[in-house]
Amino acid sequence: MRIRRLGLFHRCQRGVTLVELVIALAITGAITSGITMTIFQTLDYNARSNARMVAVKQVENAIHHVNRDVQMAQVVEITDPDPDGDHFPLTLTWVEWDNTVNEVIYDVAGGELTRSYSEDHGVPQDSVVARYVVKDAADTYCDFDEVEWIFTLGITATVSGYPEDISEMREIRTTPRTS
């Protein structure tokens, strides 16, 4: 008993034709390019997301430190050598219950917001509060309204090195301690 072939192939036909090969390559190329585009978009999204989180964290660090020190301060001095500038360096001074004099100086230089802290005019302890800080009076600034007794801090962090620069800007207003 012989099983009849379905008639899909002739006896002398072997292999694939050039048309079938081109169609198979086109389908494979379309699938490969779709997968490649998806991978690159995912990597790009992750890079942007990471850059955004770095910028947000740097701004939050700056706000946390400056806000805490401003709320403790009894004296707020902005000693900007350039009157149209960013109003840094910022000097905050307060006296503790045991008459310890605390002084904190914030400054922006080289893309970093630095904090210099000293007790009773001793040796200052310097630390970097935030990185990637934009030193431009329109983006990073501080101001103190002595009439309303309100301190304003605006800070911008920009992380570069990705397809585009990622920036985060925040502004806070807080009230220093009264004498």
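From the list LEU92, LEU113, which residue is in contact with a helix residue (DSSP H, G or I) (Cβ under 8 Å, 6 or more places away or on another chain), farther than 17 Å from ARG173 by Cβ and surrounded by 19 or more Cβ atoms within 10 Å (Cβ to Cβ)? Before you say what the answer is, go through the steps one by one.
Working: LEU92 fails: farther than 17 Å from ARG173 by Cβ.
Selected residue: LEU113, the only one of LEU92, LEU113 that is in contact with a helix residue (DSSP H, G or I) (Cβ under 8 Å, 6 or more places away or on another chain), farther than 17 Å from ARG173 by Cβ and surrounded by 19 or more Cβ atoms within 10 Å (Cβ to Cβ).
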Has the range 122-136 got at least one residue that is farther than 30 Å from PHE40 by Cβ, modelled with pLDDT under 90 and among the charged types (D, E, K, R)? yes
Which one of the conditions (1) farther than 30 Å from ASP44 by Cα; (2) in a helix (DSSP H, G or I) does ILE63 fail to meet, given that it meets all the rest? (1)
The range 130-172, subset surrounded by 14 or more Cβ atoms within 10 Å (Cβ to Cβ), part of a strand (DSSP E or B) and among the charged types (D, E, K, R), residue farthest from the chain's Cα centre (by Cα): ASP143
Verdict on THR91 being among the hydroxyl-bearing types (Ser, Thr, Tyr), under 24 Å from PRO176 (Cα atoms) and modelled with pLDDT under 90: no
Scanning the range 14-25 residue by residue, those exposed (fewer than 10 other Cβ atoms within 10 Å of the Cβ) and either touching a Ser or Thr at 6+ places or on another chain (Cβ under 6 Å) or not β-branched (Val, Ile, Thr) (or both) turn out to be ARG14, GLY15, LEU18
Based on this model, can you work out whether GLN71 counts as surrounded by 14 or more Cβ atoms within 10 Å (Cβ to Cβ), within 26 Å of the chain's Cα centre (by Cα) and more than 23 Å from TYR132 (Cα to Cα)? yes
Might you check whether a residue that is charged (D, E, K, R), surrounded by 11 or more Cβ atoms within 10 Å (Cβ to Cβ) and closer than 23 Å to ASP143 by Cβ occurs anywhere in the range 45-64? yes
Could you tell me which of the residues VAL54, VAL66 is under 23 Å from VAL123 (Cβ atoms) and touching a residue at least 12 places away in the same chain (Cβ under 8 Å)? VAL66
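The values are calculated or read from the model by the stated rules, or taken from the named source; none is laboratory data. Just so we're clear, the structure is a prediction, and the values are computed from it rather than from any experiment. Note: ideal-geometry Cβ built from the backbone for every residue, glycine included; neighbour counts use all protein chains shown.
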